[in-house]
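Step one of this worksheet: look at the structure below.
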Amino acid sequence: MESATAGIGGVPLEDGPAFDERVRTGPPVVTREEPVAAPATRLESLAIFLGFGILYTLLGFHIVADLHVVNFDALDRLTRAFMVWYNDPPKLAAIGFSLAPIGTFVLVPFAAFKALVTSGLALPLSSALFAAGALVFVDRMFAMADMVRGPRLLLVVLIGINPMFAFYAMNGTGDAAGLMFAAFGLFCLLGWGRNGSPRYLIGGGLAFALACLTQYEYIFWAIFIAFLISFTLSARDRDEVEVEGSVIAFLAPIIYALGIWIFFNAIVLGDPFAWISQAGNSAPVNAASSAAPAFDVADAIGNVLRIQLVFPVALVAVPLLVFIARDAIGYGLALLIAITLGFPVASAALAGSVDVIELRSALPAFAAGAAGMAWVYFKAESARGLVWALTIGLSVLALPLGWSQMESFPHQNLEQAFTRAIATNEDQEGTSSRGGFVVGIAPEQSMADYIDEQDIANNQILTDNARTFGVIGLTGQPELFFDRVDKGDDEWRAVLDAPDGKVEYMLVQKTDADLILSRYPNAAAGNVPGLAPVVSNDRYALLEVTGPAGDSAADEPVAVP
């Protein structure tokens, strides 16, 4: 048994005169001085990280490279990261402002290697590492709650093989990174709630600073947790100075991170809050056009409750936190889960459609639900066996329930294709998936192959990289393209208005969302003089600039299989 000063995992608790004075003058912050169960060791954490990291990487590469279930949000992020290194000129600004930046930044190290990008390996590799990291912190949450090693490892395995968690651990979207940062932040909240050490507040602040710039939903988590810290300390009769200092210690890195992002938006785009208006304002490249269902409160709430079936532990944790934990941290975690449930409803109301409530909206509940049950387990000493059995049972139940929702929920992003790929081990190229998506990257690959075969100089293909990122990435030669990142939107639009003599080609996605086709409607069909389609497929067309736009005739496009 460790000594009373050993703390969690052998890390000393706070001591010294200041600590002694607080003990004499008020109720102690320490809930229990030493863990009953063995703490999570470095070897245990390393085994979880390597085991799941390797599993997700290998299986994910098979899903992406062989079965062609490729998430286009992830492909967009990967191409942006690729352009950071290899665009002409290379620019960190290729990260862009329409997506939360950290989800793209985490791909930058992998994108430095062209083979990882063109093979698709960078996608599962990046998300696998962060998903494995999230599982490490889930394990540490339950270790913090005094759960013995065997039972908590079983919980980690059940979460790790959950089909929804596994899909986003392989697809490279950045959601796994957000989950890891959120899990680390909640682990720090539990640690602080248990022993009051300020180092947990600092760690939690750093974690949520990264989480907020990975997925904007976590901004609301961070704000709420700051109030929770203040409320908890006030309930423990702490003095005003300690309350203010603790809240500042938590919020400082979050405010700093958001401040930098706001500053960059103001400098580059001229609008400090452009990142809010630009988030998610463009239809995915592989989405088929369809009418969006209107917003209805009952439908929105029903959809939110339905998607929670992928991990119902979070729903059950709420009443347990309220009626069993019955302390400030318990009530706070219950409200945090409520915020997690309410955010998709609010987003749907603002968007005016329930289709923004996708299955991925349930992912934050994996972290919040695990933290909630860990705290219930910690507080319910007389009912720990029941709490553990309930958590195990719900995690097992989540496996078929999650799989069923991935097959049938109407608003999603290739989850159905993933279940088909896993169940049949058959190539999903060209198939459809719920949510109005066409699976696969054959159009991108065929156009990229054609461009690779040509002798084209750098910056001679004008393109809207927000629509043609798949082709850019698969060519492995982003320097060939004159994109909106190269010299900014103003110069890009100037070339778009007068392309003759400045670029040789234009690459377009055949949709009105493409800025080139918005400027020259019907150009892909050969109806704009000066822009001659030379190669075309179901999704893209490569146009040759044959003269001043509107002055010369166009040639017939050549079909590419």
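FYI, it's all coordinate maths here, none of it is from the lab. A quick note: this is a predicted structure, and the numbers were derived from the prediction, not measured. All Cβ positions, glycine included, derive from the backbone under ideal geometry; neighbour counts span all protein chains shown.
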Could you put Ser230, Ser127 in order, starting from the residue whose Cβ has the fewest other Cβ atoms within 10 Å?
-> Ser230, Ser127
Return the distance in nm (one decimal) between the two label points of a simple spin-label model at Thr424 and Ile248, each offset 7 Å from Cα along Cα→Cβ.
-> 6.1
Order these peptides, 412-418, 367-373, 477-483, by their mean beta-carbon neighbour count within 10 angstrom, highest first.
-> 367-373, 412-418, 477-483
Mind counting lysine pairs for me in the chain? Cα separation below 25 Å, and the two need to be 8 or more apart along the chain or on different chains.
-> 7
Please list the non-local residues whose amide H lies under 5 Å from the amide H of Leu531, H modeled 1.01 Å from N, same-chain partners needing a gap of 5 or more.
-> Thr546, Gly550
Among beta bridges assigned by DSSP with both residues in the chain, the antiparallel ones amount in percent, to the nearest 5, to 70
How far is it, in nm, from the label point at Ala266 to the one at Phe227 when both lie 7 Å from their Cα along the line to the Cβ?
-> 2.6
Can you list the residues, at least 5 places off or on another chain, whose amide H is less than 5 Å from the amide H of Tyr540, using H built in the peptide plane?
-> Lys510
Could you tell me how many degrees, from 0 to 90 and to the nearest 10, lie between the Cα long axis of helix 384-408 and the main elongation axis, the longest principal axis, of the Cα atoms of the chain?
-> 10
Using the Cα centre as the reference, give the magnitude of the dipole from point charges on the C-beta atoms of the chain (Lys, Arg: +1; Asp, Glu: -1; all else neutral), rounded to the nearest 20 debye.
-> 1860
Given Cβ charges of +1 for Lys and Arg and -1 for Asp and Glu, the option among Trp492, Leu121, Gly440 whose Cα lies farthest towards the positive end of the dipole of the chain is Leu121
Rounded to whole Hz and in sequence order, give me ³J(HN,Hα) for the stretch 181-189 from the Karplus expression 6.51 cos²θ - 1.76 cosθ + 1.60, θ = phi - 60°, writing x for Gly and Pro.
-> 5, 5, 5, 5, x, 6, 4, 5, 5
Here the residues of the stretch 102-139 lying in the modelled label zone of Tyr256, meaning backbone nitrogen under 18 Å from a point 7 Å along Cα-to-Cβ, are 102
Got a sec? How would Tyr505, Tyr377, Tyr256, Tyr331 order by Cβ neighbour count within 10 Å, fewest to most?
-> Tyr256, Tyr331, Tyr505, Tyr377
How would you rank 115-122, 462-469, highest first, on the average number of other Cβ atoms within 10 Å across their residues?
-> 462-469, 115-122
Counting DSSP beta bridges with both ends in the stretch 442-545, the antiparallel % (nearest 5) = 65
Using the Cα atoms as the points, what is the convex hull volume per residue of the stretch 442-545 in Å³?
-> 86
Read phi for every residue in the stretch 85-93 and hand back ³J(HN,Hα) as whole Hz from Karplus 6.51 cos²θ - 1.76 cosθ + 1.60, θ = phi - 60°, with x for Gly and Pro.
-> 8, 10, 5, 10, x, x, 8, 5, 5
With unit charges on the beta carbon (Lys/Arg positive, Asp/Glu negative), name the residue among Ala257, Ala235, Gln308 whose Cα is farthest towards the positive pole of the charge dipole of the stretch 179-327.
-> Gln308
Spelling it out for Ser353: with amide H atoms placed in the peptide plane at 1.01 Å from N, the residues 5 or more places away or on another chain with amide H under 5 Å from its amide H are Phe295
Which label belongs to the value computed from this structure, given these candidates for Kirkwood radius over Cα pairs in Å: (1) 24.2; (2) 25.1; (3) 25.7?
-> (2)
Per 5 Å bin from zero, what fraction in whole % of the C-alpha pairs of the stretch 205-259 is there, up to the bin with the longest pair?
-> 4, 22, 30, 20, 13, 8, 3, 0
For the stretch 50-57, take each phi angle, set θ = phi - 60°, evaluate the Karplus expression 6.51 cos²θ - 1.76 cosθ + 1.60, and give the result in whole Hz per residue in order, putting x for glycine and proline.
-> 5, x, 6, x, 5, 4, 5, 5
The simple spin-label model distance between Ala294 and Arg149, using points 7 Å out along Cα→Cβ, in nm, is 6.0
Estimated FRET transfer efficiency (Glu381, Asp66; beta-carbon r; R0 41 Å; 0.05) | 0.25
Taking Glu217, Glu426, Glu358 and counting other beta carbon atoms within 10 angstrom, the fewest-first order is Glu426, Glu358, Glu217
